[in-house]
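Please treat every number below as a calculation from the coordinates, not as lab data. Values in this document were obtained by computation on a predicted structure and should not be read as measured data. Reconstructed Cβ throughout: ideal geometry from the backbone, glycine too, with neighbour counts over all protein chains shown.
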Amino acid sequence: KQKNGHQSEFLQAVEEIFLSLVPVFEQHPEYIEHNILSRIVEPDRIVSFRVAWQDDQNQVQVNRGYRVQFSNVVGPYKGGLRFHPTVNESIMKFLAFEQIFKNSLTGQPIGGGKGGSDFNPKGKSNSEIMRFCQAFMTELYRHIGPDVDVPAGDIGVGGREIGYLYGQYKRIRGAHEAGVLTGKTPGFGGSLARKEATGYGLVYFVGEMLRDAGESFLNKTVVVSGSGNVAIYAIEKLQHLGAKVVSCSDSNGYIYDPEGIDLKVVKEIKEVKGDRIKTYVDYRPNATYTEGCNGIWSIPCDIALPCATQNEIDGDSARTLVENGVKVVAEGANMPSNLEAINVFLDNKVLFGPAKAANAGGVAVSALEMAQNSGRNYWSFNEVDEKLHNIMRSIFAESKEAAEKYGQPGNLVVGSNIAGFVKVANGMISEGVY
Ligand code: NDP
């Protein structure tokens, strides 16, 4: 806390994990002996750099770029790039720290990292996005590589941006090194099903939670926040499995469609037109739009899936969800519930799927993309989807087992933190002090 006092998001993420690890340290004195906790909260390195680029009016703009390389104990640093005006060192560090344990949980050989910039892509032309991505990669390239650090997309970074970033990396390096970035378009090294992976994976994870409780998706009412990559493909899979999704949102407000969301309309607004979610009511007059984001959690539902951003559910929103009878909450976004909200869910016996476990499907398929790139082959959509489903099943099983083993049965927060941590801690001991 003394060293990172001003980094509230990072401290929040560390606190959540450390609280879960208390029973592990009671049973494993070797982790204390090797000073694992002090070592694991200090990133291997943080790179921060100037990104200067020219806008369409030929004005020179300056943003700040970051790459946090937190831990490569299990494999090359791996984690997305976020382009959003709120990006700062604390947010980069919290995301990279969480990524270590999430990546370890997938069972794939990938370490933890994260990066991005305070660049705001909203309202920028396609040429401006391209020039920004090229300027960003002109510095980033020297810090990454297929066996070193493999970035991917996150908020504000999708297939288009990954394409521009990869193009610039290739020009600088003078070589195709497809495994340096994931989330590429399938035409030049991308994996089928990567775009769908986080949303589908989240729903597969919730499916395991429901199955374990003797339930299914049939006739369940679901609220999903966000309308980006994670939200859209979560909604697609939920509808496929028979659930009724009644709401989604963007950073301005949320829509409520009591008959069930028309996903074709959401895709048209967000993926084709890049418009605001409020225009949904132009296509579906029976739906309503409400300005502001918090109110989405007052819609009664059986399952709530926050898929927008960090800290979108506070204690009050969590209590409202509980009062309205929510049975399952699972996190598609990273750290969308604050600590108070998590405690409200756990105290009220809501089945709670934490981000680290529930949204690990995206990075898991990124690791499958790396595997395809290094083997120079392509797997079919169904092959990747099947592997994703199996990975989500085993993340659930391992998290559940760890929670039971360490005396907190049913608590997947504790279970996933422990299951992810133990592999990394053992690796740190095996690889020696550094
Ligand atoms: P997108 O940029 O595709 O979508 C983000 C969505 O969240 C948009 O609808 C956006 O609205 C909304 N949003 C952003 N900021 C806020 C805010 N402050 N308040 C309310 N809504 C907001 O991102 P993704 O779908 O890729 O990512 C969503 C979350 O999932 C993030 O936490 C990300 O880290 C996490 N995640 C993503 C993975 C992936 O594979 N994409 C993998 C694992 C986790 P608007 O359009 O108005 O900005």
If every Lys and Arg gets +1 and every Asp and Glu gets -1 at its Cβ, then about the Cα centre the range 44-188 yields a dipole, in debye to the nearest 20, of 100 debye
Which whole-number percent gives the relative contact order of the chain, counting Cα pairs below 8 Å spaced six or more residues apart?
-> 15 percent
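If you rank 211, 284 by fewest surrounding Cβ atoms within 10 Å, what's the result?
211, 284
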What are the ³J(HN,Hα) values, in whole Hz, obtained from phi via the Karplus relation 6.51 cos²θ - 1.76 cosθ + 1.60 with θ = phi - 60°, for each residue of the range 417-430 in sequence order, with x given for Gly and Pro?
-> 4, 5, 4, x, 5, 4, 5, 5, 4, 5, x, 5, 5, 5
Within 10 Å of each residue's Cβ, count the other Cβ atoms and sort 81, 263, 165 from fewest upward.
-> 263, 165, 81
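Could you size up the charge dipole of the chain around its Cα centre, putting +1 on the beta carbon of Lys and Arg and -1 on that of Asp and Glu, and report it in debye to the nearest 20?
Its charge dipole is roughly 1100 debye.
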Go ahead and collect, in residue order, the members of the range 113-144 whose backbone nitrogen is under 20 Å from a label point 7 Å along the Cα-Cβ direction of residue 45.
-> 113-117, 136-144
Contour minus Cα-Cα distance for residue 148 and residue 18 (0.36 nm per residue) | 44.0 nm
Rank 427, 329, 317 by how far each Cα sits towards the positive end of the charge dipole of the range 304-434 (+1 on Lys, Arg Cβ; -1 on Asp, Glu Cβ) and give me just the farthest.
-> 427
With charges set only on the Cβ (+1 for Lys and Arg, -1 for Asp and Glu), what does the dipole of the range 1-123 come to about its Cα centre, in debye to the nearest 20?
-> 360 debye
Distance between modelled label sites at residue 177 and residue 431, nm, 7 Å Cα→Cβ extension | 1.8 nm
Working out 0.36 nm times the residue gap between residue 397 and residue 127, then minus their Cα-Cα distance, what length gain in nm do you get to one decimal?
-> 92.6 nm
Under 14 Å from the residue 262 label point (7 Å along Cα→beta-carbon), backbone N, the range 284-307 = 284-288
With point charges of +1 on the Cβ of Lys and Arg and -1 on the Cβ of Asp and Glu, referenced to the Cα centre of the chain, which listed residue (92, 174, 108) lies farthest in the positive direction of the dipole?
-> 174
The range 255-382 shape via C-alpha gyration tensor axes, a/c threshold 1.5 = oblate
In nm, spacing of pseudo-spin labels at residue 298 and residue 3 (7 Å Cα→C-beta vector) = 4.4 nm
Ascending count of other beta-carbon atoms within 10 Å, so fewest first, for 28, 240 | 240, 28
What helix-only [θ] at 222 nm does the chain give? Using -39500 (n - 2.57) per DSSP H run of at least 4, over all residues, to the nearest 500, the answer is -14500 deg cm²/dmol
